[in-house]
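A short worksheet on the structure shown next.
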Amino acid sequence: MTGEEIDIVIEDGKISAITAAGQAHGDIGWSGQELAGAPATSEVSSLPGRVDATDETGMASASPVYVSSGWIDMHVHAFPEFDPYGDEIDEIGVKRGVTTIVDAGSCGADRIGDLVAGGKQADTNLLAFLNISRIGLKRIDELSKLAWIDREKVKQSIAAYGDSIVGLKARISHSVVRESGVEPLRIARELSRETGLPLMVHIGSAPPDIREVIPLLQRKDIITHYLNGKANNLFDAAGEPLQVLRDAISRGVHLDVGHGTASFSFRVAEAAKRHGIGPDTISTDIYRGNRLNGPVYSMANVLSKFLYLGYPLEEAIAAVTTRAAQWLGREELGRIRVGDPANLTLFTVEDKPITLVDSEGEQRVSDRRIEAKGVITHGKFIKCEVRA
Ligand SMILES: [Zn+2]
């Protein structure tokens, strides 16, 4: 649908028609009581396109309003109890334009049930990577004791919560594994084989050396934090990609951003762009601290960084919609189709300068920014909070 202007008609939370712009009456047609206060009509079009004037949603904007399928954030921390790596589900989900979040291993077997239960109470859809450490991010050195990896409990969790669990998470950097080296990753590899679930592997400071870590990853596994600027990253001092990265890409290993407080460097991202090593998925690694104080703030802020880097809008949006949905094997989350539940994100690209900050404290000034305006999910319109 990219490139056409269309009207989308929504009835009872479902997309009932998609027509060429101007041909439908009541272009977003609302029904259902929970939609009181939403506009009777307003025109929405596909990416790229525009919402026309009628606007009681508070989305009024000089810029065209785009619509995509609901954004998917492949790396968040959504277990509010845990500190520092935790937050309220809807704060990092629908209020930031993201209709589906994938928790990146906040919980292991001990608390995954509580995380999934929290997801059922929220407006945001929640999926999760299960931390191979039963304690999850209750501590931030969760793989420093191998006894915390309880293989039976991993399998029991998958049996109980398999609908929500999309993979296994192992954080393989020095502060997490301490003296365990790559041993937790070897165990994760075995668990992956036994359960059929792919791995999401966090990379960071050595030891273990990144050259020992990456070769253990297979097709469909995810490297998160692939643009981190630490000494042990995936590019050499001249900005050349390491051979282990090139090999991983040819094996079909998936590259995820996972911006976070410490894991996104403009310098590295610029080198990656020069070498055509773009992200498969763009994710935030958002939690309370980096949402409120930066440098993450929101998915829109992270997407704005990729526009600044020179990625086309369509590509940046695909990295949080179709490509994420494809990896998840849930194509319906990444499309706009008649008969599907309405799962949409409305956003603008504003010609307003913004200072973007990476995890190294480096700044870039961009002349445009993406702003999430609202989402439509579970039959309602939810307005996004935009940072002033
Ligand atoms: Zn994380």
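The values are calculated or read from the model by the stated rules, or taken from the named source; none is laboratory data. Computed from a predicted structure; not experimentally measured. Here Cβ is always computed from backbone atoms with ideal geometry, including for glycine, and neighbour counts include all displayed protein chains.
Selection of region 272-298 for residues being among the charged types (D, E, K, R) and buried (at least 24 other Cβ atoms within 10 Å of the Cβ) yields only ASP285. Evaluating PRO215 against the criteria (1) farther than 21 Å from ILE89 by Cα; (2) surrounded by 16 or more Cβ atoms within 10 Å (Cβ to Cβ) leaves one unmet condition, (2).
Per the listing ARG267, ARG211, ARG246, ARG291, the residue uniquely within 16 Å of the ligand (Cβ to nearest atom), of a type in the set (Lys, Arg) and outside any loop (DSSP other than H, G, I, E, B) is ARG291. Across region 249-264, the number of residues qualifying as touching a strand residue (DSSP E or B) at 6+ places or on another chain (Cβ under 9 Å) and not in a loop (DSSP other than H, G, I, E, B) comes to 4.
Scanning region 214-225 for residues that are away from the ligand (no atom under 13 Å from the Cβ) and over 16 Å from PRO184 (Cβ atoms) turns up GLN218, ARG219, LYS220.
Are any residues in region 270-285 in contact with an Asp or Glu (Cβ under 7 Å, 6 or more places away or on another chain) and not in a loop (DSSP other than H, G, I, E, B), and if so, which ones? Listed by number, the list holds a single entry, THR281. Within region 281-310, residues that are in the same structural domain as CYS107 (by TED's automatic domain parsing) reach partners that are aromatic (Phe, Trp, Tyr) and within 14 Å of the ligand (Cβ to nearest atom) with beta carbons closer than 6 Å, at six or more positions or on different chains, in the pairs TYR287/TYR85. Would you be able to say whether some residue in region 276-289 is in contact with a His (Cβ under 8 Å, 6 or more places away or on another chain) and either over 20 Å from LYS220 (Cα atoms) or at pLDDT below 95 (or both)? For region 276-289, residues in contact with a His (Cβ under 8 Å, 6 or more places away or on another chain) and either over 20 Å from LYS220 (Cα atoms) or at pLDDT below 95 (or both): present.
Of VAL365, VAL338, all but one fail to be over 15 Å from the mean Cα position of the chain (by Cα), at pLDDT 95 or above and of a type in the set (A, V, I, L, M, F, W, C); the exception is VAL365. Within region 309-324, can one find any residue that is on the phi > 0 side of the Ramachandran plot, within 16 Å of the ligand (Cβ to nearest atom), part of a loop (DSSP other than H, G, I, E, B) and at pLDDT 95 or above? Within region 309-324, not a single residue is on the phi > 0 side of the Ramachandran plot, within 16 Å of the ligand (Cβ to nearest atom), part of a loop (DSSP other than H, G, I, E, B) and at pLDDT 95 or above. So, LYS373, is that one surrounded by 21 or more Cβ atoms within 10 Å (Cβ to Cβ) and not β-branched (Val, Ile, Thr) or not? Yes, satisfied.
Per the conditions (1) touching a helix residue (DSSP H, G or I) at 6+ places or on another chain (Cβ under 6 Å); (2) of a type outside the set (A, V, I, L, M, F, W, C); (3) part of a helix (DSSP H, G or I), the sole criterion not satisfied by ARG186 is (1). Quick check on my filter: what residues within region 218-243 are surrounded by 18 or more Cβ atoms within 10 Å (Cβ to Cβ) and closer than 17 Å to LEU199 by Cβ? Matches in region 218-243: ASP221, ILE222, ILE223, THR224, HIS225, TYR226, LEU234.
Restricting attention to region 299-322 and to residues that are surrounded by fewer than 21 Cβ atoms within 10 Å (Cβ to Cβ) and of a type in the set (D, E, K, R), the residue that is nearest to ILE277 (Cα to Cα) turns out to be GLU315. Inside region 101-133, can you point out the residues that are among the basic types (Lys, Arg) and within 16 Å of the ligand (Cβ to nearest atom)? Selection gives ARG111 alone.
Yes or no, residue by residue, for (1) at pLDDT below 95; (2) more than 24 Å from SER263 (Cβ to Cβ); (3) touching a helix residue (DSSP H, G or I) at 6+ places or on another chain (Cβ under 7 Å); (4) among the basic types (Lys, Arg):
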{"residue": "PHE82", "(1), (2), (3), (4)": "no, no, yes, no"}
{"residue": "TYR85", "(1), (2), (3), (4)": "no, no, yes, no"}
{"residue": "GLY105", "(1), (2), (3), (4)": "no, no, yes, no"}
{"residue": "VAL116", "(1), (2), (3), (4)": "no, yes, yes, no"}
{"residue": "SER133", "(1), (2), (3), (4)": "no, no, yes, no"}
{"residue": "TRP148", "(1), (2), (3), (4)": "no, no, no, no"}
{"residue": "LYS153", "(1), (2), (3), (4)": "no, yes, no, yes"}
{"residue": "GLN156", "(1), (2), (3), (4)": "no, yes, no, no"}
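May I ask you to verify whether PHE82 is of a type in the set (Phe, Trp, Tyr), closer than 25 Å to ARG189 by Cα and within 16 Å of the ligand (Cβ to nearest atom)? Judged against the criteria, PHE82 is not a match.
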